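All remarks here apply to the structure that follows.
None of the figures in this text is laboratory data; all of them are computed from the coordinates on show. Quick caveat, the model's predicted, so the values are computed rather than measured. Heads up, the Cβs are rebuilt from the backbone with ideal geometry, glycines too, and the neighbour counts pull from every protein chain shown.
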């Protein structure tokens, strides 16, 4: 999640972002008095370990340092836009909350606890709308479908009501006109400082994309960058916030410094993607597509998070672009956020393993295995199939709001499958025991994210593995992996998920989620032990221009 020092943002007032929409219900009346506090927020703040988000920038040129400043300023705008998408009027909300509660509201981008199944932590607020603020709060699924809006399913539009109550759409770049103009100007200014032609071209095209909501060209330019030392992921990207349909993307930004040495080590794996696709444990029709050959793997230090990626469990790896057209033409880029990953491993993974992993296997919980598991999770997003085999359109369209968590589940299980294959083929060093035990410890970490896509995906995997005997719980309350059965369960679950995606089986995914996407009472008791031990759920950042010494 966010940072306790709420990421050092110099935020533009969110009130300037809001454009009123008549006949639209608000989550809470603007004239309501301060809601009564339902929980003691200071206790919940203990769920987050504070990390200073820094990196060695001594090797960067003055122009590159100037670019970092501009990137951070543009990121702060993305943060404001996400506030509106996730909740609405940030300024109105914070005005009602005493100072001692503002940090927690900022961490969650609203009054809903992102690590507690989105439950409101302030009374006076209803459950979070499934469609967040992308749709009118009183709009039903049936009403949306009957309206048949031409741009209703676009990832880059809001759905609103006119004065008569009729639904209509408004593009992001129109709704956020002033903020987008400023962000685009910052990107164009940063481009003038870039001595890397690939980065310069990307920034210019990304600025244009923000102004038009046409991202294909800038995504291709981003994929074509190869020698850049800085990177800036910015725009409306992921669709996790839209739990109603999964159509709408939310604004976010990452400011990144490439670790050139680590990135060099990872180059060889991209070339193996076609063979890995061919060897997936499923019928050929579910792997007929070929991943793009320009995919690459890189390691970065992330020095700023903003918006969607700063809400909920902190992202520690990125697999982009999400546009299936780009994936099929160019592949994807997998960005490993090494410093954030190391912080989670040290502050969360190791302490979890000391409690829940059997003492006989704790030596197998290693950072290198964690890094590889996360990396190949991202690689696995590019494998499998993007379009259904039976004419239902893309997998994303066919599975709607069920797509996000199944896709994360696919990436989890195929990532482990790929590690196993690469070990067998001699392309990866290490012991499979390290990767499998670390994978299990990682599940305990991720299921604490509650109802998020990643949390739900991990619960499906955990329950499936448990049913197949991939691990067992000892009478002492620790977990021990059966390596043979875990490999068998890994293969069979891979096939289950790939078939569901290939067939666009919406009802099948709903059933899988209902049957296995839940936390059992026994597991909840074990997770409660982690709480009692004071192990944080996630991390928050002290970050910004001053933290970097700029």
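Within segment 197-230, being part of a loop (DSSP other than H, G, I, E, B), in contact with a strand residue (DSSP E or B) (Cβ under 8 Å, 6 or more places away or on another chain) and closer than 27 Å to residue 59 by Cβ holds for 225, 226, 228, 229. Are any residues in segment 383-410 surrounded by fewer than 22 Cβ atoms within 10 Å (Cβ to Cβ) and outside any helix (DSSP H, G or I), and if so, which ones? Across segment 383-410, the qualifying residues are 386, 387, 388, 389, 390, 391, 392, 393, 394. For segment 101-146, which residues satisfy the criterion of being touching a residue at least 12 places away in the same chain (Cβ under 8 Å), over 22 Å from the mean Cα position of the chain (by Cα) and in a loop (DSSP other than H, G, I, E, B)? Hits for segment 101-146 are 121, 123, 124, 125, 126, 136, 137, 138, 139. When each of 423, 428 is tested for being outside any helix (DSSP H, G or I) and either in contact with a strand residue (DSSP E or B) (Cβ under 6 Å, 6 or more places away or on another chain) or surrounded by fewer than 24 Cβ atoms within 10 Å (Cβ to Cβ) (or both), the lone residue that passes is 428.
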